[in-house]
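Visitor: Provided herewith is a single structure, encoded as structure tokens, for subsequent inquiry.
The values are calculated or read from the model by the stated rules, or taken from the named source; none is laboratory data. Bear in mind that the values here come from a model prediction, so they are computed numbers and not experimental data. Using ideal geometry, Cβ is built from the backbone for each residue, glycine included, and neighbour counts are taken over all protein chains shown.
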Amino acid sequence: MQRLRAAGYTDLTGIDVSAPAIELAVARGVPNVSVMDGAALEFATARFDVVIASDVLEHIEDEAKALSEWNRVLKPGGQLLVFVPAHAYLWSEHDVVNHHFRRYSRQGLVAALARAGLRVRRRLVLERGHVLPHGRAAGGPAPAFRVALLRNQARRYRRPAPFCRPGQ
């Protein structure tokens, strides 16, 4: 969230299921963060222009419920950016110790999004080093947030290129 704020975004909301992560974010001066389950959001319907879920979905057992919630809090025309680990054949002890429930194939993620009422506009497969670096893997501190919810920011882009949008 600090990087988004530094880039000029002003109306940010962050959540994490971990109270210590939120306490760390608050201690670092990150405002508007709270402990919340990504599959049971306490926000009004159609509140956010953009939902960013970076390395979140694989940690939530009920994937359908989480995606449905993310769709619910998106405004009409809103955008969901979701980053997940790919390729089930790469499943390892790393996934186990990090409490992952799954890894995704391109088709599997697209199908899960469609079942939640989200239409995929663009798909990308990126190497780990190219995806929103954060946490120890990027040489920095442990991540202080997992889901960033942005309001009134979609117009910031000259040409929006959403990954998903509500409805068909």
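Visitor: Could you say which residue among Thr13, Thr45 is part of a strand (DSSP E or B) and among the hydroxyl-bearing types (Ser, Thr, Tyr)?
Guide: Thr13
Visitor: Can Lys65 be described as out of contact with any helix residue (DSSP H, G or I) (no Cβ under 7 Å at 6 or more places or on another chain), assigned to a helix (DSSP H, G or I) and under 27 Å from Arg121 (Cβ atoms)?
Guide: Values: out of contact with any helix residue (DSSP H, G or I) (no Cβ under 7 Å at 6 or more places or on another chain): yes; assigned to a helix (DSSP H, G or I): yes; under 27 Å from Arg121 (Cβ atoms): yes.
Yes: the conditions hold for Lys65.
Visitor: Right, another one. Here is a list: Arg102, Arg106. Which entry is in contact with a Gly (Cβ under 9 Å, 6 or more places away or on another chain), touching a residue at least 12 places away in the same chain (Cβ under 8 Å) and within 18 Å of His59 (Cα to Cα)?
Guide: Arg102
Visitor: Still on this structure: Of all residues in segment 36-50, which are surrounded by 14 or more Cβ atoms within 10 Å (Cβ to Cβ) and β-branched (Val, Ile, Thr)?
Guide: Result: Val50, single match.
Visitor: Give all pairs with beta carbons closer than 7 Å in which a residue from segment 1-30 that is touching a residue at least 12 places away in the same chain (Cβ under 8 Å) and buried (at least 18 other Cβ atoms within 10 Å of the Cβ) meets a residue that is of a type in the set (Lys, Arg) and in a helix (DSSP H, G or I); count only pairs at least 6 apart in sequence or on separate chains.
Guide: What qualifies is Leu12/Arg5.
Visitor: Is it the case that Asp49 is of a type in the set (Asp, Glu), at pLDDT below 95 and on the phi > 0 side of the Ramachandran plot?
Guide: Values: of a type in the set (Asp, Glu): yes; at pLDDT below 95: yes; on the phi > 0 side of the Ramachandran plot: no.
Here the answer is no, as Asp49 does not meet what is asked.
Visitor: Next up: Of all residues in segment 16-31, which are in a loop (DSSP other than H, G, I, E, B) and either aromatic (Phe, Trp, Tyr) or closer than 24 Å to Ser68 by Cβ (or both)?
Guide: Listed by number, the residues that qualify are Val17, Ser18.
Visitor: Phe101 versus (1) closer than 19 Å to Ala111 by Cβ; (2) out of contact with any helix residue (DSSP H, G or I) (no Cβ under 7 Å at 6 or more places or on another chain); (3) of a type outside the set (Val, Ile, Thr): which is the lone unmet condition?
Guide: (2)
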